[in-house]
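Q: The structure is given below, and queries will be raised subsequently.
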Amino acid sequence: MQRRDFLCTLGAAVAAAPALASARGSAADERLFAEGLSLPVGPPGRCDDARVGGPVVRWDEAVGKWRMWYYCRDATFPAGLAPAFGSGSLATAVSDDGVHWTRVEGPAARGAILAPATSREDFDSLHLATGDVMRHGDEWLMCYHGGNYDTPQGEGLDAEYRFQGYVLRIGLARSRDGVNWTRIRGRATGGAILEVPEGDVYAAFPNFLHDGKRFVLHYTTVDREGRWYRTRAVTSTDLATWTPAGDLEWQDDPLPHEGGGVITRDVLRNPLRGGPRWLMVYTAKDGRSETGARRSIGVAVSDDALSWRRLYDQPVFQVGRHGAWDSAGTANPRLVVTRRDMRLYYYGWSDKSHLGHPARGIGCAIAQGRDFSGFRRARA
């Protein structure tokens, strides 16, 4: 497929809708605010009553439904700990159509499926966040990241990272049913599978795949000055020993809206006929000061999952309209490909709350066929 330049038309359908009603809180206002919002924060008292994010969606054959795993934070989580992430515990929900979700009660506190470790020395004793989930053999495997009560140290450390919980490492867990999980203890500090690379703040936001012979895991690091996000890769045949495989590289020149680097990504087998073996949807951070470090979502392809070529010169998905729940950011994308369409699940947020709603949540956009320029926010 040729690399193409197109103007993202994600807001076209919304632009044709009636203007917002003048009365604050009207039904029209509510609909436009919530367009694309598939899973908001949970009811009071649950593990997800303050924040939700990081969706991973798979078809669960055992229950005949779509299943989503996501990270969450409850209202009792102490202020000032890993403040930017919104992570805390892990939770799950199920759906018949992939748009409307029903929360499933897990075995951990407040309905979570996996809570922070009870030993303060473990790498994930303060908070957890989803990374990726795959079906492998007769079980589910999950990679996730977590932090403990350590604070990043070292000269030149950006003020953003001077908080407990920012020393993030990656862990693994397994489950038969997707609800009850057991950690797979790794060989790194506190039971993690990887150490934080020297000179970086954290190792986080993992995703993984199995290429038929080995597991390939991608993850994010950031330098202490917070200047650049880097994607690194490791491989394993046994989930115990992980071998560095290099860093994600681009075959083409960086784009203006990607100057801050790639933060999160989802790598899967390419659904486009005749193309390279792998496809990636990724979150790019705009490095220009006038954009406020806005995040957007792009698409790239690769033969080896390390060297990538962008398919488009513009994002395939951007922030929502002014005043919407996702008007400030769209990130952490996950792509689900069905026979009829493609579903893009993402974490979204706005700068302010609106109509009394928490201004963060998990969104869903749908494109018919294999048209990456055609994503439209679903109406839950």
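Where a number appears in this text, it was derived from the coordinates with a stated rule and is not lab data. As the structure is a computational prediction, the values presented were derived from the model and not from experiment. Cβ placement follows ideal geometry from the backbone for every residue including glycine, while neighbour counts extend to all protein chains displayed.
Q: Could you please rank 200, 253, placing first whichever residue has the fewest other Cβ atoms within 10 Å of its Cβ?
A: Details: 200 19, 253 6.
Ranked by crowding around the Cβ, least crowded first: 253, 200.
Q: Which value results when the Cα radius of gyration for the chain is divided by 2.2 N^0.38 Å?
A: On the way: Rg = 19.6 Å, N = 380, 2.2 N^0.38 = 21.0 Å.
Against the compact-globule rule of thumb, the ratio is 0.93.
Q: Order 153-161, 267-275 from most to least packed using the mean count of other Cβ atoms within 10 Å. Don't jump to the answer; show the numbers that get you there.
A: Values: 153-161: 12.1, 267-275: 13.7.
Most protected by this proxy first, the peptides run 267-275, 153-161.
Q: Summing +1 for each Lys or Arg and -1 for each Asp or Glu, what net charge is found among the other residues whose Cβ lies under 9 Å from the Cβ of residue 86? Don't jump to the answer; show the numbers that get you there.
A: Numbers: positive: 51, 73, 360; negative: none.
Cβ neighbours under 9 Å give a net charge of +3.
Q: Once you sort the root eigenvalues of the Cα gyration tensor of the stretch 39-147 as a ≥ b ≥ c, which label holds: rounded (a/c under 1.5), prolate (a/b larger than b/c) or oblate (the other case)? Walk me through the intermediate numbers first.
A: Values: a/c = 2.06, a/b = 1.38, b/c = 1.49.
Taking the square roots of the gyration eigenvalues as a ≥ b ≥ c, the stretch 39-147 is oblate.
Q: Next question. Quick check: from the Cα gyration tensor, does the stretch 97-253 come out rounded (a/c under 1.5), prolate or oblate? Numbers along the way, then the final one.
A: Values: a/c = 1.65, a/b = 1.22, b/c = 1.35.
Oblate, because a/c is 1.5 or more while a/b does not exceed b/c.
Q: Test of understanding: ordering 134, 142, 68 by Cβ neighbours within 10 Å, fewest first, what list do you get?
A: Values: 134 16, 142 25, 68 30.
Arranged by neighbour count, lowest to highest, 134, 142, 68 become 134, 142, 68.
Q: Could you tell me which of 168, 137, 157 has its Cα farthest along the dipole of the stretch 126-279 towards the positive end, charges placed at Cβ (Lys, Arg +1; Asp, Glu -1), taken about the Cα centre?
A: Of the candidates, 137 comes out farthest on the positive side.
Q: While we're here: Taking H placed 1.01 Å from N in the peptide plane, check which residues at least 5 places from residue 226 or on another chain put their amide H under 5 Å from its amide H.
A: The list, which skips near neighbours in sequence, is 158.
Q: Near the amide H of residue 105, under 5 Å away, which other amide H atoms are found, from residues 5 or more places off or on another chain, if H is placed in the peptide plane?
A: Answer set, sorted by chain and number: none.
Q: Using the 2.2 N^0.38 Å rule of thumb for compact globular proteins, work out how the stretch 105-162 stacks up: its C-alpha Rg over that value, please. Can you show the working numbers first?
A: Details: Rg = 15.0 Å, N = 58, 2.2 N^0.38 = 10.3 Å.
After normalising by residue count via 2.2 N^0.38 Å, the value is 1.46.
Q: Ranking 375, 205 by Cβ neighbours within 10 Å, fewest first, what do you get?
A: So the residues, fewest neighbours to most, are 375, 205.
Q: Among 344, 248, 168, which one shows the highest mean-square fluctuation when the chain is modelled as a Gaussian network with alpha-carbon springs under 10 Å?
A: For the chain, modelled as a Gaussian network with Cα springs under 10 Å, the answer is 248.
Q: Specify whether the C-alpha gyration tensor of the stretch 198-343 places it in the rounded, prolate or oblate class, a ≥ b ≥ c being the square roots of the eigenvalues: rounded for a/c under 1.5, otherwise prolate if a/b is larger than b/c and oblate if not.
A: Numbers: a/c = 1.78, a/b = 1.20, b/c = 1.48.
In terms of gyration-tensor shape, oblate.
Q: Moving on. Of the residues 244, 116, 206, which exhibits the maximal mean-square fluctuation in a Gaussian network model of the chain defined by a 10 Å Cα contact cut-off?
A: In this elastic network of the chain, the residue with the biggest mean-square fluctuation among 244, 116, 206 is 244.
Q: Next question. How big is the charge dipole of the stretch 12-377 about its Cα centre, in debye rounded to the nearest 20, if each Lys and Arg gets +1 on its Cβ and each Asp and Glu gets -1 on its Cβ? Intermediate values should be presented prior to the final figure.
A: On the way: 45 positive and 44 negative charges, 161 e Å.
So the magnitude is around 780 debye.
Q: Convert 4 °C to kelvin, take the viscosity as 1.567 mPa s, use the Kirkwood radius over C-alpha pairs of the stretch 267-338 as Rh, and evaluate the Stokes-Einstein diffusion coefficient in µm²/s, rounded to a whole number. Please report the intermediate quantities before stating the final value.
A: On the way: Rh = 13.4 Å.
Answer from the Stokes-Einstein relation: 97 µm²/s.
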